[in-house]
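Step one of this worksheet: look at the structure below.
The values are calculated or read from the model by the stated rules, or taken from the named source; none is laboratory data. Worth saying up front: this structure is predicted, and the values here are computed from it rather than measured. Reconstructed Cβ throughout: ideal geometry from the backbone, glycine too, with neighbour counts over all protein chains shown. Heavy atoms of the whole protein, side chains included, go into the accessibility calculation; ligands, DNA and RNA do not. Shrake-Rupley method; radii C 1.70, N 1.55, O 1.52, S 1.80 Å.
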Amino acid sequence: STFTLVTGGSCANPTVSTTGTATYDVPNSGSCTVNYQVCAPAPNATTCDTATLTVTAQAADMAAAITGLPTQVRPGQVINGVTLTCSNVAASTAATAATCALGTVTGATASTPVCTPAPGGNVAAGAAISCVFNLSVNGTQGGADETTTSISVAGSTGASNDGNPANNNASASANLIDA
């Protein structure tokens, strides 16, 4: 049999090899189609039929969490090893173009996060991007009365095929105690 691509499908960049291998760009969500024709081998090469391949995207599920921030901090304290973890909690689908980004930090200054692996690539089901950073709490221990009573850190994640954006944001806070 020989196979050929037929126009009218909805998948981006479709091709069909003469042996029947179809390639296409997988959609981020929903489904798309690839239309093709299959013809019998010679001497019956004019006996053909058309068919439609339906491709359904499966969703990943990126979730963010912040760890390593103590519940209480003091002015001027440096907190090493705070971690924003962006996990693909999907059972079997890789996250495509996954992001993991430190957001707003109040009451402290954050170092540039070091992320492993780097955001922007694919994250397998059950795998994660880990972004580690340090915090320097604003103020001076035992100095003037501090107007800030807490610090907070936010982070976010996502992917082009993330099916559950409800768990894409995380935050953590600590009380600021000044003796």
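Of the labelled options [x] 10, 26, 19, 16, 12, 8, 5, 3, 1, 0; [y] 11, 40, 32, 13, 4, 1; [z] 9, 35, 36, 15, 4, 1, 0, which one gives P(r) over Cα pairs in 10 Å bins from 0, in percent as computed for this structure?
Among [x] 10, 26, 19, 16, 12, 8, 5, 3, 1, 0; [y] 11, 40, 32, 13, 4, 1; [z] 9, 35, 36, 15, 4, 1, 0, the one calculated here is [x].
Applying a 10 Å radius around every beta-carbon, put 49-62, 32-45 in order of their mean neighbour count, most first.
With the highest mean Cβ count within 10 Å placed first, the list reads 49-62, 32-45.
Rounded to the nearest 20 debye, what is the charge dipole size of the chain about its Cα centre when +1 sits on each Lys and Arg Cβ and -1 on each Asp and Glu Cβ?
Working: 1 positive and 7 negative charges, 38 e Å.
Using Cβ point charges on Lys, Arg, Asp and Glu, the chain gives about 180 debye.
Run the numbers on the chain and let me know its relative contact order in percent, using alpha-carbon pairs under 8 Å that are six or more apart.
Averaging sequence separation for qualifying contacts and normalising by length gives 23 percent for the chain.
Full-extension gain between residue 152 and residue 114, please, as 0.36 nm times their residue separation minus the C-alpha to C-alpha distance. Walk me through the intermediate numbers first.
Working: separation 38, 0.36 × 38 = 13.68 nm, distance 1.92 nm.
Taking residue 152 through residue 114 to full extension adds about 11.8 nm, to one decimal.
Compute the relative contact order of region 107-156 as a whole-number percentage, counting only Cα pairs closer than 8 Å that sit 6 or more residues apart in sequence.
Taking the mean separation of contacting Cα pairs over the length of region 107-156, I get 46 percent.
Using just the Cα positions, wrap region 1-97 in a convex hull and report its mean projected area in square nanometres, one decimal place. Kindly include the intermediate steps, with their values, before the conclusion.
On the way: hull surface 38.9 nm².
Computed as one quarter of the Cα hull surface, the answer is 9.7 nm².
Can you tell me which of 88, 122, 80 moves the most in a GNM of the chain? Springs connect C-alpha atoms under 10 Å apart.
The residue that fluctuates most here is 80.
Assuming 0.36 nm per residue, please report the length gained on full extension of the stretch residue 106 to residue 78 beyond their Cα-Cα distance.
Length gained, residue 106 through residue 78: 8.6 nm.
For region 1-74, with all protein chains present and a 1.4 Å probe, just round the carbon and sulfur fraction of the accessible area to a whole percent.
On the way: 2270 of 4450 Å².
In region 1-74, the share of accessible area belonging to carbon and sulfur is 51 percent.
Restricting the count to DSSP beta bridges whose residues both fall in the chain, what percent are antiparallel, rounded to a multiple of 5?
Approximately 95 percent, going by the DSSP bridge assignments.
For a label point 7 angstrom out from the Cα of residue 33 toward its Cβ, which stretches of region 39-55 have the backbone nitrogen within less than 20 Å?
39, 48-55
Accessible area per residue of the chain at 1.4 Å probe, in Å²?
On the way: 9500 Å² over 179 residues.
Dividing the accessible area of the chain by its residue count gives 53 Å².
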